[in-house]
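The values are calculated or read from the model by the stated rules, or taken from the named source; none is laboratory data. Keep in mind that what you see is a predicted model, and the values were worked out from it rather than measured. Cβ placement follows ideal geometry from the backbone for every residue including glycine, while neighbour counts extend to all protein chains displayed.
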Amino acid sequence: MGIDLVVALVLVSTLQVPSSPRQTGEFTSPFSSETLELWDVGLGVQRTAPVPPDGLFRIGEASGWVMAPGAYHDFVLRFEARADPGAIGGVVVRVLPTDGQPVGGYEVRIAEGGHPSASLLLWRAGTVVRAERGWVHTTPSTDWQAFRVEAQGSTLRVLANGEPVQDFTGLVQNVGRLGLHVERGTIEFRSVEIERKPFPSRRSVAGAFLPDEDGVTKPVPVREYKPLYTRRAMADGVEGEVWVQCVVQVNGKVDHVTLVRSLHADLDANAIAAAKKWRFKPGTRNGTPVPVVVTIQMTFTLK
């Protein structure tokens with residue numbers, strides 16, 4: 001089987017962001033398919049299981065990770081949870097998986113081995129860094145607790161039983177998958193619902209300029225990186241396009257990388273990672289280098 005990968009730079013001035021079949025402004029279950037995707041990160045394997053008909057997820061460390069399909073930008077996630085004494089786990093957001101391994105993203109840990117705290121953990125290439133911790137002043141963890149996680153740009157806000165716990169700021173990863181994770185013991189989740197928030201307008205992206213504005217010239221690629229297929233995507237026969245929007249800064253480097261059109265979780269992750277390595281001759285405004293928004297279109301084809 002051969003692989004043909006086409007990468008093209010598309011100006012946002014001529015690009016209409018594709019409409020998504022997923023609705024914004026309403027709460028729905030993120031686990032809408034008939035089966036759950038379970039990861040065993042330690043063994044690097046994936047398997048599936050039926051979605052519980054009553055919406056009650058009882059997850060032990062043997063299950064590890066339960067992932068929802070699709071990618072999420074900004075959202076509001078609400079759910080109820082209760083944990084066995086000593087349990088450790090929470091919800092993972094904006095995770096970028098590659099062949100069932102988390103290579104980036106965050107975990108909002110709601111159970112810390114009996115301690116009443118909520119922590120933000122940063123997943124990066126299989127390693128974990130504790131970013132911040134906030135204290136959850138609630139009833140014992142064996143009772144049902146109501147949680148709410150609000151993701152907006154570079155900020156995650158966590159609320160427990162209607163009370164703010166912590167605002168986690170400075171997040172770099174702005175898109176990815178969502179799931180439930182238990183590292184030790186058992187945690188039950190129920191009433192898991194998510195509301196997608198509208199994607200920000202083009203002009204609000206990091207204060208950057210658009211190439212169709214007066215006096216603005218487009219950035220020119222000087223170094224491109226093509227993402228790779230993963231084994232799982234090839235086995236699934238996945239073909240199609242991934243669109244990645246980013247800001248080219250005055251030094252020619254890329255940041256504020258955002259997924260605009262999703263294709264497959266693995267290919268989305270690889271496309272984002274590849275886009276971050278691109279280098280450009282920066283765009284200008286009236287002759288002065290300025291940040292400019294561009295969209296990179298990557299087409300994956302198996303032959």
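Where strands (runs of 3 or more DSSP E) fall entirely within the stretch 213-274, those with at least 1 residues that are at pLDDT below 85 are at 240-248, 254-261. Just one residue in the set VAL293, VAL247, VAL254 is touching a residue at least 60 places away in the same chain (Cβ under 8 Å) and either surrounded by 16 or more Cβ atoms within 10 Å (Cβ to Cβ) or in contact with a helix residue (DSSP H, G or I) (Cβ under 9 Å, 6 or more places away or on another chain) (or both); that residue is VAL293. Within the stretch 257-290, being of a type in the set (S, T, N, Q) and without any contact (Cβ under 8 Å) to a residue 60 or more places away in the chain holds for one residue alone: THR288. The residue that is surrounded by the fewest Cβ atoms within 10 Å (Cβ to Cβ), counting only those in the stretch 220-244 that are of a type outside the set (A, V, I, L, M) and closer than 28 Å to GLN152 by Cα, is GLU241. Counting only residues that are farther than 19 Å from ARG109 by Cα, at pLDDT below 75 and buried (at least 16 other Cβ atoms within 10 Å of the Cβ), the stretch 26-50 holds 3 of them.
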